[in-house]
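These notes concern the structure reproduced below.
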Amino acid sequence: MTDARCNGAQTRAEEILDEVTASGEEIGVQVAAYLDGELVVDAWAGLADVEGGRPMGAQTLVPSWSTGKGIAAALVAVLVDRGVVGYDTPIAAHWPQFAARGKSEITLGHVLSHSAGLPQLPPDVTPEELFDVAAVGDWLAGQAPLWEPGTASGYHGWTYGVLLAETLRRVTGRTCDELLREELAEPLGVADSLLFSVPDHLVAGLATCYDGGWSAHLDQMPPDSPFFVFAPRRVLPVAALANRADFRRAALPANGTMTARAAARVYAALACGELDGVRLVSEATLKEATTPRTSGEDRSLGFPLLKGYGFMLGGAGSVVRSPDGGFGTNGSGGSAASADPAHRFSFAVTKNRMSVNGLDKRLFREIRAALGIGGAQAS
């Protein structure tokens, strides 16, 4: 890769970020991309907090919602690769109460592929109740699946995180925060930039979230939409929720708080196999994690969504910013992170104005074009 192409990609990213923050379309944005194991795009612009005038920086932590699901999937892949747990491990083998009401055969893989049949939360659940992860876990253990596990898939918006957190705690004796830091973030040198819950000493560096039309987008959904089964109205993923102190403290790996640089680094390690001497998983485990496990319409979202074990898979019509063979996850309001192993490329964008303007698509497309990478998704 020539320096001219890398410089061109960096310049184009900076131009786009300056444009969208100067116009008010965005408030604060970060974008990062790796190619062949090198950080080739690392840009940020705007404000982390409007009221205080605090600028967005490279190390500003940004609530990135379900972009964290892919980080959790990478963490599980590390544990699978080390033989700590298996994708085919029944949850009830480590959580006996979970076997109730026909759930004895639900596996970790079912949870990761959103096919466990447990996307539901109590319809009147409050944020305070949701953030008591152990209590929600106990409630889910007593529920019957909404469909036969493994026969269909429906996005497990919040329960993905509850079920992973409780299962991994029982298997390893460590919290999901401890596992993320020790098994994934520290080896890659991003321990304070890749988080499920935000410790008190890092809160001052956290961006404030703002609404940019995302709430209105959710309000337009019909009242009987299956979306509200996995995200009841009191716990919708909106800016006001992200700014709550108890949300920041919740160790719930359905969400992540991160920098674009850190997220892109995780996916670079997966895309390249090894990054700066660190290998997270074997080629065989990565293949297992990114093999399609679902097909057809997602029962929660109402459109097709191809899933592996915790990763959404790229290709025509995918919500993931990656071509065929790629994988990653997107977050509410416009964050995204993904890997394209065929081109040894990774990409991440974080932003603190929750909107539906497609900035992640634009940045992904234009950075790849500047780098001369084919297969950029044009949608």
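Counting only helices (runs of 4 or more DSSP H) that fall entirely inside the stretch 114-176 and contain at least 3 residues that are of a type in the set (A, V, I, L, M) and touching a Cys at 6+ places or on another chain (Cβ under 9 Å), the qualifying elements are 159-172.
State whether one or more residues within the stretch 79-97 are touching a residue at least 60 places away in the same chain (Cβ under 8 Å) and on the phi > 0 side of the Ramachandran plot. No - not one qualifying residue is present in the stretch 79-97. Against the criterion of being open to solvent by 50 Å² or more (accessible area, probe 1.4 Å), assigned to a loop (DSSP other than H, G, I, E, B) and touching a residue at least 40 places away in the same chain (Cβ under 8 Å), residue 299 qualifies. For residue 106, the criteria (1) in contact (Cβ under 8 Å) with a residue 40 or more places away in the chain; (2) under 23 Å from residue 334 (Cβ atoms); (3) of a type in the set (A, V, I, L, M) hold in every case but one, which is (2). For the stretch 27-34, does any single residue satisfy the condition of being under 30 Å from residue 166 (Cα atoms), in contact with a Lys or Arg (Cβ under 9 Å, 6 or more places away or on another chain) and part of a loop (DSSP other than H, G, I, E, B)? There is no residue in the stretch 27-34 that is under 30 Å from residue 166 (Cα atoms), in contact with a Lys or Arg (Cβ under 9 Å, 6 or more places away or on another chain) and part of a loop (DSSP other than H, G, I, E, B). Mind counting the residues in the stretch 229-261 that are part of a helix (DSSP H, G or I), open to solvent by less than 30 Å² (accessible area, probe 1.4 Å) and under 23 Å from residue 301 (Cα atoms)? Total satisfying the criteria: 5. Scanning the stretch 73-105 for residues that are in contact with a strand residue (DSSP E or B) (Cβ under 7 Å, 6 or more places away or on another chain), more than 16 Å from residue 311 (Cα to Cα) and part of a loop (DSSP other than H, G, I, E, B) yields a count of 4.
Scanning the stretch 49-72 for residues that are of a type outside the set (A, V, I, L, M, F, W, C), in a strand (DSSP E or B) and crowded, with 21+ Cβ neighbours inside 10 Å yields one hit, 63.
Looking at 67, 89, 60, 11, just one residue is polar (S, T, N, Q), more than 26 Å from residue 191 (Cβ to Cβ) and under 24 Å from the mean Cα position of the chain (by Cα), and that residue is 89.
The number of residues in the stretch 275-296 being surrounded by fewer than 12 Cβ atoms within 10 Å (Cβ to Cβ) and charged (D, E, K, R) comes to 1. For the stretch 37-48, name all the residues that are surrounded by fewer than 18 Cβ atoms within 10 Å (Cβ to Cβ) and farther than 19 Å from residue 262 by Cβ. Selection gives nothing.
Per the listing 93, 73, 100, 116, the residue uniquely modelled with pLDDT of 95 or more and under 30 Å from residue 369 (Cβ atoms) is 73. All conditions in (1) touching a Lys or Arg at 6+ places or on another chain (Cβ under 8 Å); (2) closer than 14 Å to residue 72 by Cα hold for residue 307, with the sole exception of (2). Residues being small (Gly, Ala, Ser), open to solvent by less than 50 Å² (accessible area, probe 1.4 Å) and in a strand (DSSP E or B) are entirely absent from the stretch 308-326.
Selection of first residues in the stretch 14-29 that are modelled with pLDDT of 95 or more and open to solvent by 10 Å² or more (accessible area, probe 1.4 Å) and of second residues that are of a type in the set (Ser, Thr, Tyr) and in a loop (DSSP other than H, G, I, E, B), restricted to Cβ pairs under 9 Å at least 6 apart or on distinct chains, gives the following pairs, ordered by first then second residue: 25/355; 27/208.
For first residues located in the stretch 57-77 and under 18 Å from residue 162 (Cβ atoms), partners that are of a type in the set (Phe, Trp, Tyr) and lie 6+ apart or on another chain with Cβ distances below 7 Å form the pairs 68/196; 69/160; 70/311; 73/309; 73/311.
The values are calculated or read from the model by the stated rules, or taken from the named source; none is laboratory data. Because the structure is predicted, anything quoted here is derived from the model rather than measured. Because the Cβ atoms are built from the backbone with ideal geometry, glycine has one as well, and the counts that use them run over all protein chains shown. For the accessible areas, the whole protein counts, side chains as well, though only heavy atoms, and no ligand, DNA or RNA atoms are used. Shrake-Rupley method; radii C 1.70, N 1.55, O 1.52, S 1.80 Å.
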